[in-house]
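K.L.:
Next up is a structure, given as structure tokens.
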Amino acid sequence: MMRNRQAYEMAKELYAEYGIDTDKAIEKVSNIAISMHCWQGDDVGGFENPDGDLTGGIQVTGNYPGKAKTLEQLRQDFDKAASLIPGKKRINLHAIYLDAQGEKVSREKIQPKHFDSWIEWAKERNYGIDYNPTCFSHPMSADGLTISHPDKAVRDFWIEHCIGSRKIAAYIGEKLNNTVITNFWMPDGFKDIPADRYGTRLRMKEAYDEIFKEQIDERFNKDSIESKVFGIGAESCTIGSGEFCLGYAAKNGKLLTLDTGHFHPTEVVSDKISSTLLFLDEILLHVSRPVRWDSDHVVILDDELKAIASEILRGDFTDRVHIGLDFFDGSINRIAAWVIGTRAMQKALLYAALEPAAQLASLENKFDYTSRLAMMEELKTLPFSAVWDMYCEMQNVPVRANWLREVKRYEAEVLSAR
Ligand code: RNT
Ligand code: ZN
């Protein structure tokens, strides 16, 4: 549209006064992949046991109609969401999203072939895939402990599932010729004060050693472990804590997953990127929005999201920081949730790409903190929206709120018939 173009040209001139090339910013952001989590589409249900309970201390609230109940519906919904989001995409799968073709497959027996149809699907769309073993929502995780369980049989079950998961991921990576990041999140924890934190953590450490024993070609699979501070029913102690996971990742050359909801409420992940990257080659983000706790609300363009994006771009860390999303809201249209959250991440990246980072750093190094603060405030009211709209237009996705009309139409025509 002419109007968008005119607004963009004016914005381009203004940003140029700060030494920023808006065309380059758009180009840069369009190459940063965002790993969209499949589980927003069906409230972390999966297809192993769609009617089973979600356990592991995480929770989805809300009962908005139209939830995807089959693999086909989930893919159709994901496609709808993706068509309304600019930029490069990956899909993040959990083991329970296997395509078992009607067969009942026990968790530790899931095979690469159960992901063949996902591979085909992703290939057609030029998406990368990321993967997660599912160590929750299962009778074997009912005690709240998995790979740190005192019973070896339980540990072995989960170890087997995790070893299988790495093989599946490597298979996917090879087929797509693209690295899969496999994220290991264990719900292990105690509701009440534990008596043997060390012993339990030692069991987890040894289990991870076993899981990662086999060397896997890093072109096809990389492992990342996700820390957490607490979960529902695991309020007193989380075995895979921040120190545990950072220590393990640093010592063993693994990636660390930083979920924005997995720290104490005044801690921020934006402040952890620069430190962790001094000691780890790469990290994975689970961008979420904790509201008073790890509530996994839909991501919005708030200050922390902007700060995270700035940290990634200021350091030019786009190859070392993998961006995954992790939220699940069942109280609003689930496709809209995907679109709002992923567009917010894209906006934050573009906003960060329009920051004169070198100029700000140079003011800082000269101790001109007055100018640093003044500039940071002035930058906030530059015509970002015109650049964002142009980015959407160039990517052939709806500009501004026009995507919502399409979601509403889809809801009336497709979701309401489910
Ligand atoms: C849970 C973790 C984990 C899950 C997903 C479903 O607190 O954030 O990443 O949300 O694996
Ligand atoms: Zn997470």
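Read the figures in this text as sums done on the coordinates, not as results from a lab. Everything numeric here is computed off the predicted structure, so don't read it as measured data. As a convention, Cβ positions derive from the backbone with ideal geometry for all residues, glycine included, and neighbour counts pool all protein chains shown.
K.L.:
If you go through the range 170-182 one residue at a time, do you hit one that is in a loop (DSSP other than H, G, I, E, B) and under 23 Å from Glu235 (Cβ atoms)?
P.N.:
For the range 170-182, residues in a loop (DSSP other than H, G, I, E, B) and under 23 Å from Glu235 (Cβ atoms): absent.
K.L.:
Check whether at least one residue in the range 189-209 is within 16 Å of ligand 2 (Cβ to nearest atom) and either in a helix (DSSP H, G or I) or within 22 Å of Leu258 (Cα to Cα) (or both), and report yes or no.
P.N.:
yes
K.L.:
Here is a follow-up. Got at least one residue in the range 372-388 being within 30 Å of Val60 (Cβ to Cβ) and either away from ligand 1 (no atom under 16 Å from the Cβ) or surrounded by 15 or more Cβ atoms within 10 Å (Cβ to Cβ) (or both)?
P.N.:
yes
K.L.:
The conditions are (1) within 16 Å of ligand 1 (Cβ to nearest atom); (2) farther than 27 Å from Gly173 by Cα; (3) among the acidic types (Asp, Glu), and Glu311 fails exactly one of them. Which is it?
P.N.:
(1)
K.L.:
To continue, here is another question. Collect the residues in the range 236-282 that are assigned to a helix (DSSP H, G or I), within 16 Å of ligand 2 (Cβ to nearest atom) and small (Gly, Ala, Ser), keeping them in residue-number order.
P.N.:
Matches in the range 236-282: Gly242, Ala249.
K.L.:
Let me ask you something else. Quick one: Met10 ticks every box in (1) in a loop (DSSP other than H, G, I, E, B); (2) within 27 Å of Val387 (Cβ to Cβ); (3) hydrophobic (A, V, I, L, M, F, W, C) except a single one, so which number is it?
P.N.:
It fails just one condition, (1).
K.L.:
Turning to a different aspect of this structure: Restricting the range 34-55 to residues that are polar (S, T, N, Q) and either within 15 Å of ligand 2 (Cβ to nearest atom) or free of Cβ contacts under 8 Å to residues at least 60 places away in the same chain (or both), which is surrounded by the fewest Cβ atoms within 10 Å (Cβ to Cβ)?
P.N.:
Of the range 34-55, the ones polar (S, T, N, Q) are 35, 40, 49, 55.
Subset that is either within 15 Å of ligand 2 (Cβ to nearest atom) or free of Cβ contacts under 8 Å to residues at least 60 places away in the same chain (or both): 35, 40.
Details: Ser35: 26, Gln40: 29.
Among residues in the range 34-55 that are polar (S, T, N, Q) and either within 15 Å of ligand 2 (Cβ to nearest atom) or free of Cβ contacts under 8 Å to residues at least 60 places away in the same chain (or both), the one surrounded by the fewest Cβ atoms within 10 Å (Cβ to Cβ) is Ser35.
K.L.:
So His114 clears everything in (1) within 25 Å of Val407 (Cα to Cα); (2) in contact with a Leu (Cβ under 6 Å, 6 or more places away or on another chain) except one condition, right? Which one?
P.N.:
(1)
K.L.:
If you go through the range 113-127, how many residues are within 11 Å of Arg75 (Cβ to Cβ) and among the hydrophobic types (A, V, I, L, M, F, W, C)?
P.N.:
3
K.L.:
Sticking with this one: Tell me the residue from Ala352, Ala374 that is without any contact (Cβ under 8 Å) to a residue 12 or more places away in the chain and of a type outside the set (Lys, Arg), please.
P.N.:
Ala374
K.L.:
Ok, one more. Please name all residue pairs, on different chains or six or more residues apart, with Cβ atoms under 9 Å, provided the first residue is in the range 266-289 and is closer than 22 Å to Thr342 by Cα and touching a residue at least 60 places away in the same chain (Cβ under 8 Å) and the second residue is part of a loop (DSSP other than H, G, I, E, B) and among the charged types (D, E, K, R).
P.N.:
Once the first residue is closer than 22 Å to Thr342 by Cα and touching a residue at least 60 places away in the same chain (Cβ under 8 Å) and sits in the range 266-289, its partners that are part of a loop (DSSP other than H, G, I, E, B) and among the charged types (D, E, K, R) give Glu282/Asp319; Glu282/Arg320; His286/Asp326.
K.L.:
Also: When you check Thr134 against the structure, is it away from ligand 2 (no atom under 16 Å from the Cβ), within 27 Å of Ser295 (Cα to Cα) and outside any strand (DSSP E or B), yes or no?
P.N.:
Considered against the rule, which asks whether it is away from ligand 2 (no atom under 16 Å from the Cβ), within 27 Å of Ser295 (Cα to Cα) and outside any strand (DSSP E or B), Thr134 comes out as no.
K.L.:
Checking the structure you have, find out if any residue of the range 292-303 is more than 16 Å from ligand 1 (Cβ to nearest atom) and assigned to a helix (DSSP H, G or I).
P.N.:
Checked against the condition, which is being more than 16 Å from ligand 1 (Cβ to nearest atom) and assigned to a helix (DSSP H, G or I), the range 292-303 yields at least one hit.
K.L.:
Taking the range 292-310 as the search range and keeping residues that are within 23 Å of Ile20 (Cβ to Cβ) and touching a strand residue (DSSP E or B) at 6+ places or on another chain (Cβ under 8 Å), which one is surrounded by the fewest Cβ atoms within 10 Å (Cβ to Cβ)?
P.N.:
Start the filter on the range 292-310 by keeping residues that are within 23 Å of Ile20 (Cβ to Cβ), which leaves 301-310.
Checking the rest, the ones that are also touching a strand residue (DSSP E or B) at 6+ places or on another chain (Cβ under 8 Å) come to 302, 305, 308.
On the way: Asp302: 11, Leu305: 24, Ile308: 26.
By that ranking, first place goes to Asp302.
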